[in-house]
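All remarks here apply to the structure that follows.
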Amino acid sequence: MNIEGCTFCDITAGRIHSQMPYEDDEFVVFRNKLKWAPVMLLVVPRSHMTQTELWGSGQTMAHIARLARQIGDNYSPNGYRILSNFGPDGLQTQEHAHLHVIGGAHLGHYIRPPDRK
């Protein structure tokens with residue numbers, strides 16, 4: 001199911017062009033337009049669902065997790081992060097469920113470490 005006006009639905013359906021290093025009947029992997037790290041890939045189910053639905057989906061979550069790990073191993077053999085953002089404080093900008101695979105360089109701390117006095 002695709003949702004009108006959803007950017008990721010448009011990408012997975014081919015209505016918006018994106019570099020896709022991987023696709024199958026259930027998932028696509030495409031390059032993030034952000035360039036915070038050398039490798040920034042998004043692993044996205046073709047069917048529209050929310051982050052909460054994805055994380056509660058059992059089989060779908062297991063499949064997307066395996067795929068994200070394989071993509072990370074292939075594109076960032078020295079290490080990577082798999083991230084999933086929830087809500088505005090977690091910097092979620094797309095309602096369509098997805099995982100980020102980020103790597104290709106030393107990524108540093110997750111957040112700025114606390115000041116040490």
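Below is a table of values for the structure above.
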read-out	value
Residues within region 6-34 that are over 20 Å from I102 (Cβ atoms) and either part of a loop (DSSP other than H, G, I, E, B) or touching a Gly at 6+ places or on another chain (Cβ under 8 Å) (or both), tallied	9
Residues located in region 66-90, provided they are among the hydrophobic types (A, V, I, L, M, F, W, C) and either surrounded by 15 or more Cβ atoms within 10 Å (Cβ to Cβ) or part of a loop (DSSP other than H, G, I, E, B) (or both)	L67, A68, I71, I82, F86
Condition met for A37 (of a type outside the set (S, T, Y), in contact with a Leu (Cβ under 7 Å, 6 or more places away or on another chain), outside any strand (DSSP E or B) and closer than 29 Å to E4 by Cβ)	no
Neighbours by Cβ (under 6 Å, 6+ apart or cross-chain): first from region 70-95, at pLDDT 90 or above; second exposed (fewer than 12 other Cβ atoms within 10 Å of the Cβ) and assigned to a helix (DSSP H, G or I)	none
Residues of region 91-103 that turn out to be surrounded by fewer than 16 Cβ atoms within 10 Å (Cβ to Cβ) and under 10 Å from L41 (Cβ atoms), as a count	0
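The values are calculated or read from the model by the stated rules, or taken from the named source; none is laboratory data. Owing to the predicted nature of the structure, the values given are computational and were not obtained by experimental measurement. Neighbour counts run over all protein chains shown; Cβ positions are idealised from the backbone, glycine included.
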